[in-house]
Structures are given as C-alpha cells and as structure tokens.
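Since the structure comes first, as structure tokens, the remarks are kept for the end.
The values are calculated or read from the model by the stated rules, or taken from the named source; none is laboratory data. Values in this document were obtained by computation on a predicted structure and should not be read as measured data. Here the Cβ is made from the backbone with ideal geometry for all residues, glycine too, and neighbour counts use every protein chain on show.
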Amino acid sequence: MTIGIIDIGVGNIGSVVNAVYNQGWDSISITKPEDLGSVSHLIIPGVGSFSFIMKRLRELNLDASICDFASQGSPILGICLGMQILGDAGSEGFHSLGLGLISGEVNLINRTAGLPLPHVGWNDVAEVNNHPLLDGVKPGVDFYFVNSYCFSATNRENVILETEYGECFPAMIAKKNVVGMQFHPEKSQRNGLRLLDNFCLWDGAC
Amino acid sequence: MLKRRIIPIQLLSGDRLIKTRVFESPRDVGNPLMSSKIYSDNDADELLILQVERYDGAFENLHSKVIQIGRECFAPLTVGGAITNSEHAIRLFSAGADKVVLNSICFTDPTVILNIANVAGSQAVVVAIDVKFEKGKYVLYSGGGGVSKSVSLERHIDTVVDSGAGEILIQSIDHDGLMEGYDLDLLAFVCNACSIPVIIAGGAGNFLHLKDAFDVGADAVACGSLFNFGDNSPLRAKAFLKNHGVSLKNI
Amino acid sequence: MIKCVKCGLPETFETIEFGPDGVCNVCVQHNFKKDVIDWSSRKLMLDKVIEENRGKYEYDCIVPFSGGKDSTFTLYYLMKEYNLKPLVVQFNHGFMRPQLLKNNERTFKELGVDVHSFTPNWNLVKRVMLEALIRKGDFCWHCHTGIFAYPMHVAIKYNTPLVLWGEPSTEYTAYYDYRDNEIEVVDESRFNKIVNLGITAEDMRGMIEDDLNKYDARDFAAFTYPPTRDLKKLRYQSLCLGSFIPWDTKMQSKLIMDELGWEGDEVEGMPPKMYDYEKIECSMQGVRDYIKFLKRGYSRVTQMTVLDIRNGRMSKDEAEKLIERYEGKKPQSLNLFLEYVGISEEEFNQIVAKTVVVPHKQDFKIDEWNPKTHDYEQWYSKKS
C-alpha cells in the first residue's frame, strides 16, 4: 500500500504526511498525473481557497487524473478544502467548478446565527449514514475543524457525519470509493488517526 | 457545538522547557518533545509552545522543535516567541504549526498581523498580551515582561482586532506561577472588550480555577504550573470539569 | 464533594465522571464487563495469540512480575492453561517485603520458570522519589515507570514480542473503557497517559540536574520507554490477561493461595484479615495510601470496599463504617520514607499540601498512628 498525497505547493501538507507515516504507512507526494500510477490510495489535503486550488489542479492536469483514479475504484480521501472540491462547484474566491465526484455545492456557512467565522475548534459530529471508515470511532466524538465554507450535498445518502455551527452541514461525505472529511483528521488525535488508518486499509468498497 | 479548550503552556528555553513565577525564577520542567507527546497522549485540546529567550538562534530553535513535535503529535499546534515578520510565520506553518502567537511586534508594527492573516487566515493568528496590575490599572508589557507600554489595554485590543487577530491570549504576569487562580477581573474585561475568542493564562493552580475562568467567559484556559506541579493532567481536568458542567471535547 | 450514589467513590478519584443518575463511569463500565463482553470469544483471541508466539522466539512471552496477587495469578494461569516457556521479569522498586520474597521463591520454584530481576541504583531512586513527591505528590515515579518500561527493554533484548500483563486498567479507572469493547494495549501512549505521572525519564533527568549532580541517559535507561519503532520491528504485542478472561481478584487470590501456597500479609491502615491479598508487596504502601488520603480525601479502605459494593458483597453502610474506623491514620513507614528522602514531617506536609486535589481540603492535623506491621523492623533503614 502506498498512499499518494497531493502536493501542489499550496499550504502545509506536512501534518497529513506525518500522520500517515506515524500510523505506519508509506506515502509519496503527487505533483503530476504520472505520480498516480504508483499509488493505491490518494489523499487530497486542502488549504487556501476553492477557486485557487482548482485552478492549480487544472494547470497541472491533475483534475482529470484524479477523476480517472476515482473511476478505477481506488480510494480517495479529501480533507477540509480537499473535501469541498469533490463537489460540483464552490463560491469561495470566484465561482468555480469542482471535481464533481460527489454531488453538491460549497458556500459560506450561514451567518444568521451571528456566530463568528471561520468555524474553528473542536465540534461534535452525528452519524447520518453508516460507513466502513467509521469502524472503531465512537459516536458523538469531537473533531478539529477550521472552515468558513461548507458543503451542501445533493443526496442525503452521501452524508455520513454532520456537525452544527450556524447550520447543520456535512462533516464527512462519501460516494463509492470517494470520501471527504471537513474536519482535520491529522489534528484530531486518536479518532482522527483511526479514520486515517481505516482509510489506508480500505479497498474502496462499501 | 464548539467546545471550550484546555491548553497546556510549554515555555521553550534552549532544549528544555521551563516554568516561571511572575515571569522570573525559571525551573526545568522537562524535554519539549517528550512533554508534547505526553500532553498529546493525555488528549490536550491544543499544544502551546512559546520560545522564551531572544537571541540570534532563537527562532531557528523554535522552528526545529516544531518540526520534531509535529512529527509525533497530532493535535492543533500553536507556537510563538521570536516571531517578528510574516516570513517567520510561514516557515512555522510549513513546519507543522496551525497558529502563531505574536506579542511584542504588535506594539511596534501591527501590520504583521494583517500580513499573516492574509496568507493563513485570521484564525491562525493569536495575539498575546502580558499585563501587570499597577496603581489601579492594567499596564501592558512587551519583551517578556521587561518593557512597559503606555497604550491602554482597551486600545491595544482594538488595534490588534482591527489588524485581523483571530484570538487573544491574555496573561497576568502578577499571577504567573503562583497557582492561586487566574485574574478573573482581567479576563472579564478582555471578554467584554472584544468578540474574538479569549484564552486566559497565569495563575491556574487547581481545577476549580479553570471552572471559574470558563464561568466568566474564557473560550480556553492555558495552564503551566497546574500540569507541572500537582498530580494533574488534561485528562483529569476534563473529567473534573465535565462533572461540573463545562462542555469539553469528547474523544 | 460529589460521590457515586452506587459505590461511593468521590470526585477526586482520577477519571471519574458521574452520569445524570449519579452513578459513576467505573460502575457503568463494570456492568458492561459482566453483562456484555463476550468472554468466550475473547478467550479464543488469547488462544490464537499464544499459539502465534509459541516456540518461535527465545521465550514464548515476557511476564512482568511484582509478586502481588495479580501477577502471581497471571503467571500461574499462563503456565497451567498453556504450558508456556515465559521469561518472568521483575523490577525491584527497593521495598520488597519478606513475605513477598517468600511467596515469589515458592511461586518460581513450584512453577519452574526463568526469572530476570533488575534493581536500580538506590541513590538515584531516593533522589527521584523526592522530586516526584514535590512535583506530583506521588513518590512512586521510579516504580511506575520501571515496572512498565523495563520489561519492554527485556522483550527487545530477548527478541520476545509477546508481553502479557495482568489486570487491565479498566478494572479500576476510566482512562480506558470496557464499553469500547477493545483490547487495551499496554504501549507508550498508555505509559504517557496513566503510568509516568506526565514525566518521562528524559524530563526527570533535566529536572534533577544541578551543579553537583549530572546524569546521563544511561542512568535512566530502566525508566525510559524504548522507542516504539524498535518494538514495532519486533512486531510486539503488549496485552493484559484481563482483556481475555474476566478479572476476579477474590477468586484468583484464593486460587493462588490454594495452589501455590501464596500467602497474604497485613498492610498498614487496612482492616485486619479482610483484604490481606491486596497490595502486600511494598513496604511503602502505607505512605502511598496516606498521601492519597491527604490529597484526595479517600484511600485504600475506600477503594477495596468500593470493589465489594460493586460486586454485591457489601452494603454502603458497612463500607462507611470500615472507612470511618480504619482510613486516614499515619503509617509507621512514614518515618522510614522521611529518612530515605531526607526531609522532616513538616516539610513533607508542606510539599503534599501543594498537591491536594479540589474540592478536597486537608488540615494536616492527623495525629493517630497505625500500629507497626509484624515485619516493620526488617524494612531497610540505615539506622538498623
């Protein structure tokens, strides 16, 4: 098992790399489409903005390669912004199209509750649908979030976990071999590391 | 619902950690990497590492420790001390830090706050303010308690918030290390003066002090002596505080 | 002070959390242990682990051994049930009582096992006992760390991946939870979480260094948890027997008494003849229990009666009477402890006063002493 981690020079992916290594897995950086040929799993960390990261992926032709990787049935995990770009489109920065792997749109978290943005800190999640990656993770635990934008899934069956801040939004989404986590598993200690471990062991089936 | 946080403070001095009393008389309290691992294994909500001294290699020392710690601790990492420009901050983010703490530079050049916030977001910038209570009012100090500033606490809070600070870390020098409780009046003042999250530091000696701070409105409590001197750990603090109704993370 | 409505444990007990009905989490997870865990499938897991290791390495397993009822039962069970070739590893904390030594000799000779024993440098032990007392109100740092770290070094040295401990921590505390239905792993994370008081050997080394005394890493080797990478290379498995069979200390103590001639002993501060199988291995146990009482407002009598209450063997009223009568007096061993670390009783009180756990309050005005145990005069003292 070799885990590919997208590295396109945007933001810090070191924590994800360290977490995967710490759990005993080998990983390589994915900077161009050819790199995907040697990995069994793909993690898309995300820092920055939706439009900027999609622009970079397109420049490097990685957007199409990621979609091919997905269609082969290989497991993909998007973290934070990496989860958001799995959707159809996002409004952060300027409106842009996402990878379209899990149907949904990304917009600013609803501010009517008067809560400050971004949503930062430990928040609890509720299970909406079961998923093999949740094995060994107790219900109702907290994960570490840092996000101003949130995903709105077209199909409720794609929502695995959800959290609440101003509104209810997905904390984890999934469709076939593609999974997204809005929180940072690499910063969420035991449960986050368990999820990463489960992902690295997963064959993409559910 | 967002949970409150308990944050162990680790003061970095060379290759060791120290703990002070009213910012003086440092005592060795351990090895930074080992200590961070322990806090992480004890489910600390966040790790706060502050480089204490200012000398030529101080920043590099902090940077190298952050790299080591980031390899083995998987909790949010907040680091500071010796940060004077956004370049420092970017290097620390690359090393694994999630947030940086700025103190002295905020008096001389608050635009640094804005520059870092633009790159990494406001939530990644914590502004630390050290105060002493003198002649009936709060006097701000920079340089690790060495240089008093004439700007008022209220004014300085406004300045840093306007410049894009994401959180305030307010520390009472008078209460530091005495383990007699936080300066709750100071905490109340700061909570009223701004709407961004407030972390209180200086004086925690037992779990009831933490409860008092949460009751006044602290979003997070930072503790040094509490965990270094006393049969306490973040896990035990959590169990105690949960029995007293404080909402903390569950893992 | 909040207390569990069922067993009576107070909120100063580490990790205790009370549910809305006032029952504590340790009680709740005990019910789970009794009623929900599938112990027959757990036993099958142990059978598998044993067979995976049998005959392949220098020893079939490491059995860390103190000589108390739990480790004696663990060794006995593994020998009788599986007929293994274990390496018994003893860490000598410096306070082993005569009856314990007798019990151990009988056990080792009856069962026929190889034994590896280690005694750390007494001067270093005295120094760290004082430092741990000051920083944490718990002088047993060298013992906690030595007992859990040293056998791991031996496992690596003897190329023996399987390390089998006795009872899981879930029997007494809620750092881990029976309700997770997971096998507790005795690893570095657990060491940092519940064993080393938040101080590693590397931390301690710097803390006690001063102008006269320099220490190097070798001085602390026995207290240092070996790198997890080295353990992983060995494909180590560090598990508790009590994760695979339901732990029952009363039944187990009786078994080793009958089968091995294991004998109990009187312990300072305990009701006579009631719990003489518990904590008999250490001459400093009385001081340990006394400090706990000063810090937290409860001690060993409470802890033992709590177990009886939970198992339906005693009522809360009976427990309260015993606690009232026996708990909270000064142990004679305190005099020895003060001699070892070189402080007066007043200094001792000042140090412990700083570590009292809220909301308990302690006035340090206790003036009743427990009687000397029968072997008190044999405990080490420079003066004797």
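Among the residues of segment A:19-32, those identified as under 15 Å from A:S65 (Cα atoms) and under 19 Å from the mean Cα position of the chain (by Cα) are A:S29, A:I30, A:T31.
In the set (1) farther than 25 Å from B:F23 by Cα; (2) modelled with pLDDT of 90 or more; (3) within 18 Å of the chain's Cα centre (by Cα), the condition left unmet by B:E87 is number (3). Residue check: A:L117 meets all listed conditions (1) in contact with a Ser or Thr (Cβ under 8 Å, 6 or more places away or on another chain); (2) in a helix (DSSP H, G or I); (3) surrounded by fewer than 18 Cβ atoms within 10 Å (Cβ to Cβ) but one, namely (2).
Candidates are the residues of segment A:152-201 that are part of a helix (DSSP H, G or I) and hydrophobic (A, V, I, L, M, F, W, C); the one that is surrounded by the most Cβ atoms within 10 Å (Cβ to Cβ) is A:L196. Residues in segment B:236-251 that are assigned to a loop (DSSP other than H, G, I, E, B) and within 14 Å of chain A (Cβ to nearest Cβ): B:V246, B:S247, B:K249, B:N250, B:I251.
Considered as a group, the residues in segment C:85-135 that are crowded, with 20+ Cβ neighbours inside 10 Å and in contact with a Leu (Cβ under 7 Å, 6 or more places away or on another chain) include one that is nearest to C:V287 (Cα to Cα), and that residue is C:A132. Evaluated against (1) in contact (Cβ under 8 Å) with a residue 40 or more places away in the chain; (2) farther than 17 Å from C:F139 by Cα; (3) buried (at least 17 other Cβ atoms within 10 Å of the Cβ), C:P331 falls short on exactly one condition, (2). Filtering segment C:142-183 to residues that are more than 15 Å from C:P64 (Cβ to Cβ) and touching a strand residue (DSSP E or B) at 6+ places or on another chain (Cβ under 7 Å) leaves only C:I183.
The number of residues in segment B:215-235 that are over 16 Å from the mean Cα position of the chain (by Cα), part of a helix (DSSP H, G or I) and farther than 16 Å from B:D41 by Cα comes to 2. For segment B:222-235, a residue qualifies if it is in contact (Cβ under 8 Å) with a residue 12 or more places away in the chain and away from chain A (no Cβ under 14 Å), and the qualifying residues are B:A222, B:C223, B:G224, B:S225, B:L226, B:F227, B:N228, B:F229, B:G230, B:N232, B:S233. Residues considered: C:C4, C:C27. Of these, the only one that is touching a Lys or Arg at 6+ places or on another chain (Cβ under 7 Å) and closer than 27 Å to C:I291 by Cβ is C:C27.
Filtered by the rule that a residue be within 14 Å of another protein chain (Cβ to nearest Cβ), assigned to a loop (DSSP other than H, G, I, E, B) and farther than 17 Å from C:Y175 by Cβ, segment C:5-43 gives C:V5, C:G19, C:P20, C:D21, C:G22, C:V23.
Note on segment A:118-130: among residues that are of a type outside the set (F, W, Y) and within 18 Å of A:C80 (Cβ to Cβ), the one that is farthest from the other protein chains (Cβ to nearest Cβ) is A:V125. Quick check on C:I62: is it surrounded by fewer than 19 Cβ atoms within 10 Å (Cβ to Cβ) and among the hydrophobic types (A, V, I, L, M, F, W, C)? The answer is no for C:I62.
Looking only at residues that are assigned to a strand (DSSP E or B) and hydroxyl-bearing (S, T, Y) in segment B:121-161, which one is nearest to B:D109 (Cα to Cα)? Among residues in segment B:121-161 that are assigned to a strand (DSSP E or B) and hydroxyl-bearing (S, T, Y), the one nearest to B:D109 (Cα to Cα) is B:S142.
Would you check if C:L162 is in the same structural domain as C:T74 (by TED's automatic domain parsing) and buried (at least 22 other Cβ atoms within 10 Å of the Cβ)? Spelling it out, C:L162 is indeed in the same structural domain as C:T74 (by TED's automatic domain parsing) and buried (at least 22 other Cβ atoms within 10 Å of the Cβ). Taken together, B:G166, B:G177 contain a single residue that is within 15 Å of the chain's Cα centre (by Cα) and farther than 22 Å from B:S225 by Cβ, which is B:G166. If you go through segment B:181-201, how many residues are at pLDDT 95 or above and part of a loop (DSSP other than H, G, I, E, B)? Looking only at that region, the number is 3. Among the criteria (1) in contact (Cβ under 8 Å) with a residue 60 or more places away in the chain; (2) away from chain C (no Cβ under 14 Å); (3) not aliphatic (A, V, I, L, M), the one B:Q51 does not fulfil is (1).
Kindly indicate whether B:L210 is within 14 Å of another protein chain (Cβ to nearest Cβ) and surrounded by fewer than 24 Cβ atoms within 10 Å (Cβ to Cβ). So B:L210 does not fit the description; no.
Answer with yes or no whether A:G37 is among the small types (G, A, S) and surrounded by fewer than 22 Cβ atoms within 10 Å (Cβ to Cβ). Considered against the rule, which asks whether it is among the small types (G, A, S) and surrounded by fewer than 22 Cβ atoms within 10 Å (Cβ to Cβ), A:G37 comes out as yes. The helices (runs of 4 or more DSSP H) falling completely within segment C:172-264 that include 1 or more residues that are within 20 Å of the chain's Cα centre (by Cα) and surrounded by 19 or more Cβ atoms within 10 Å (Cβ to Cβ) map to C:201-207, C:249-260. When C:D138 is tested against (1) within 14 Å of another protein chain (Cβ to nearest Cβ); (2) touching a strand residue (DSSP E or B) at 6+ places or on another chain (Cβ under 8 Å), only condition (2) is not met.
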